[in-house]
Amino acid sequence: MVTDQALDSVIGSVERRKSLTMAASDGAPREARAFTREALTDWGLEDLLDRTVLIVSELTTNAELHGRSPRVPGDAGNEAVGDLDEHITLTLTALADVVGIEVEDNSPRPPTPRVAPVDSNDGRGLQIVTAEADAWRACLKADGSGKRVVALVRRSDPNLPI
């Protein structure tokens, strides 16, 4: 079992770290996948690319679909702003042979895994994240303005400490 401390130590790593802030739009997952491919290639972690890109794609898709700021009905200020300040921030880190993935969005609602009908085209994102990540969790951002979802992917060598 990977501890919260292990998750935090990888995400807090400054050994290798890159961040990207994107508009919360249909193009965010594509932009996040390209950013992830470039970062892991630069870091020489190509063997972790497939799993990491899949997790990043699922988490940014969830953030784009479900990570909007809560709107107060009738609040003209919120309606006037619309989606202009809706964003997703992806941070990738690497410490030794472990990649940290952090996706932040504007919703304080935690991600909720669900069981998708067999013939459904969606609803399996968090099941995929659970299957591919060595660990993941969600928590509120310190200022309460949204949440962050953190996942780890590590090389499959069972002798690697974490």
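Structure notes:
- Test: residue in the range 121-131 that is closer than 14 Å to Thr60 by Cβ, crowded, with 18+ Cβ neighbours inside 10 Å and modelled with pLDDT of 80 or more: yes
- Candidate set: the range 1-22, residues that are aliphatic (A, V, I, L, M) and at pLDDT 95 or above; chosen: the one least open to solvent (accessible area, probe 1.4 Å): Met22
- Only one of Leu84, Leu140 that is at pLDDT 80 or above and open to solvent by 60 Å² or more (accessible area, probe 1.4 Å): Leu140
- Which listed residue is at pLDDT 80 or above and at positive phi, from Ala63, Ala96: Ala96
The values are calculated or read from the model by the stated rules, or taken from the named source; none is laboratory data. Remember, predicted model here, so these are calculated numbers, not experimental data. Note: ideal-geometry Cβ built from the backbone for every residue, glycine included; neighbour counts use all protein chains shown. Heavy atoms of the whole protein, side chains included, go into the accessibility calculation; ligands, DNA and RNA do not. Shrake-Rupley method; radii C 1.70, N 1.55, O 1.52, S 1.80 Å.
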